[in-house]
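To keep things clear, I will list the structure first and then write my remarks on it.
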Amino acid sequence: MKKKILSLFLVAIMFFSVLTGCGLVSRNDKNYYEAIVATITYTDGTKDNITKRELLTAYSSYGYNYVQNYGYTTKKAIETTLESVIDSYITRRAVVDHYKNAHEDLFNDNETTYLWDKTYAAVLSNLRGYLEGYKSSSEDNSTSDQNSSIFVDYTSSVKLIDGVIRKNTPATTIRDTYEARYVEGHAYDLDYLKDGEYVFKELMYDRLNELTTLGDAQSKRDWNNAFTKYISVIKENYTYYTKTNKEWMLFEIDRVYEILKNNYIAEKYEVIYNRQAYQDEDTSLVQVQDVVEKYAEKVRVDYTTYMAQNQVSTFENDVLNSIANVDYVLDNGSQYFFVAPIKINLLDSDKTDLEELESKLAAGLITPEAYERAVAQIVDTNRNLVSVRNATTGEVESTMSVQTLADRLTSTNISVEEYRKYFYLYNDEDTYKNADFNAVFGIDGSGNVLANSTYTNDNIKTAIAALYDNGNAQVGDTSMLVQVDDGWYIFFYAGKVENLFDGITKDFTLNANQIATLANAKLNVFSSKTVFDVVFSEISASGDFASFQNENMHNLRSNTTTDIKMFNKNIKDLYK
């Protein structure tokens, strides 16, 4: 019997993280949120109680995905989430017992400092969310530090050896590598108590509160307002406590710390398990069969959506717009294929000139003949320039004419490696650089080109039809230069979109012997990333609601607990 382990490896701590329930409830009643939904009794007679608030927090973090992505009923999703929370408790207990039996501290100085830093960063991030005009971290990071014009191949984190998934790089742990910091001989530790005061908790509060005293008057006001808003949200969710503002912030530090500490304890379990079961081999808890089962499940979900429910239009939209989410290719009489686009943009000044010409033509200030001559001058491929970037830095270091680039790429069939150089270094279109997949086009049964909204220009469709060549296209074929309103495209045929396995049905299954197909199926002709890499990452990702299965979980439950009870009367209101 297998049980799921730790859906909650790393709960994301965002500025709204004090909220719970993903819209399930809106109560502020202490008795309601602190109601016990499950108890775990261990072999030594001690007991853990799981509250409704913990269950709601877990559900809002990942459990709702069981409904949205796996079709669970709300009742089943709530119950599955609770099982996962129970597993996380038992796993953390196993870690605590391991260190106790080894006569080692659960955390060394490196780890307590790490947890202090993580907690400070999380609370500070929450606080920043209430600053006027602050952009969230996702917006701040919308443009990566990595220059998109530099090709960086994917490096798999695992390898298959004798049917076992092994990590390519031995794991280094926080215990070994994080640098501890000390004050008066004591490492940063939020649990350190001296003379009745939590020294490092007070230190964190002082650091945060100091933000309200620094900078100009506007900065001070902004931070003070952020503190007020943050604390007000905490109060709304814990109305049954009466505290000063400082006590509320210390309470919040404790809350965030407990989540991060428990998640970190859970992370330590994999290291312990590896060392015990595989004699220091860096073997992943995710097994080959887990990857096979996960992939088969993904295919079955798509099959049900596209084939069993006959959602042809949904499939067409998905495959053209978001191929990364498509795991079953519907045979609907159309053929789909990957295309790598190179885009050369007109200069902004040229675009402005074109707009002015159109206005003059519309106003009758110039003749149609004069308009055509002027446009031809502006879009002259010999006059317009392509930016050529440095392969190491990605910075523009030279230019060449659009026509010269077109002549180089379209004169003969070009290799994937050669085209890749132009794709990254001579291309104003960044969408597909370093992406898992290239753009997808299709040809329906009547020969019409199928494309997403980016590529509706008639010139593009004509070029794509010619590139496809009635199904005779080969990887390496390129289109002619295609003119659009704001520049030009050149397209490279990058292979068919098709199922990895024949005969897929609603009962589709794989076996471990077929893992080689997943391990060799590249997502993109320009990268070595495979389907296996994607599925493995989905299973093992921190915080993944569909977390990997651990066959040792059954043993943990059997060997460390004497009784596990779930109180349905305290959760049934969540799904009725």
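The values are calculated or read from the model by the stated rules, or taken from the named source; none is laboratory data. Everything numeric in this text was worked out from a predicted model, so none of it was measured. Note that we place each Cβ from the backbone using ideal geometry, even for glycine, and neighbour counts take in every protein chain shown.
Before moving on, here are some points about what is shown:
- Selection status of residue 199, hydrophobic (A, V, I, L, M, F, W, C) and under 30 Å from residue 538 (Cα atoms): no
- Residues of the stretch 432-452 classified as polar (S, T, N, Q) and in contact (Cβ under 8 Å) with a residue 60 or more places away in the chain, total: 3
- Qualifying residue in the stretch 431-446 (condition: more than 28 Å from residue 531 (Cα to Cα) and surrounded by fewer than 19 Cβ atoms within 10 Å (Cβ to Cβ)): yes
Yes/no matrix, rows are residues, columns are (1) closer than 20 Å to residue 66 by Cα; (2) out of contact with any helix residue (DSSP H, G or I) (no Cβ under 6 Å at 6 or more places or on another chain); (3) of a type outside the set (Val, Ile, Thr):
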site	(1), (2), (3)
287	no, yes, yes
293	yes, yes, yes
299	yes, yes, no
302	yes, yes, yes
311	no, no, yes
324	yes, yes, yes
327	yes, no, yes
330	no, no, yes
338	no, yes, yes
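Here's the yes/no breakdown for (1) surrounded by 13 or more Cβ atoms within 10 Å (Cβ to Cβ); (2) at pLDDT 90 or above; (3) over 34 Å from the mean Cα position of the chain (by Cα); (4) in a strand (DSSP E or B):
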{"site": "156", "(1), (2), (3), (4)": "yes, no, no, no"}
{"site": "165", "(1), (2), (3), (4)": "yes, no, no, yes"}
{"site": "170", "(1), (2), (3), (4)": "no, no, no, no"}
{"site": "176", "(1), (2), (3), (4)": "no, no, no, no"}
{"site": "200", "(1), (2), (3), (4)": "yes, yes, no, no"}
{"site": "207", "(1), (2), (3), (4)": "no, yes, no, no"}
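- With respect to the conditions (1) modelled with pLDDT of 85 or more; (2) surrounded by 13 or more Cβ atoms within 10 Å (Cβ to Cβ), residue 528 falls short on a single one, namely (2).
- Scan of the stretch 45-76 for residues that are hydrophobic (A, V, I, L, M, F, W, C) and free of Cβ contacts under 8 Å to residues at least 24 places away in the same chain, ordered by number: 67
- If you filter the stretch 30-44 down to residues that are without any contact (Cβ under 8 Å) to a residue 60 or more places away in the chain and among the hydroxyl-bearing types (Ser, Thr, Tyr), you find that the one that is farthest from residue 327 (Cα to Cα) is 32.
- Taking every residue in the stretch 227-242 that is on the phi < 0 side of the Ramachandran plot and pairing it with any residue that is surrounded by 12 or more Cβ atoms within 10 Å (Cβ to Cβ) and not in a loop (DSSP other than H, G, I, E, B), at least 6 positions away or on another chain, the pairs with Cβ-Cβ distances below 6 Å are 230/127; 231/245; 231/248; 234/248; 234/252; 240/30.
- Test result for residue 335, at pLDDT 85 or above, within 27 Å of residue 454 (Cα to Cα), of a type in the set (S, T, N, Q) and buried (at least 17 other Cβ atoms within 10 Å of the Cβ): yes
- The residue pairs whose first member lies in the stretch 307-335 and is more than 21 Å from residue 294 (Cβ to Cβ) and not assigned by TED's automatic domain parsing to the domain that holds residue 454, whose second member is surrounded by 14 or more Cβ atoms within 10 Å (Cβ to Cβ) and among the polar types (S, T, N, Q), and whose beta carbons are closer than 6 Å, counting only pairs six or more residues apart or on different chains, are 311/305; 312/332; 320/452; 321/452.
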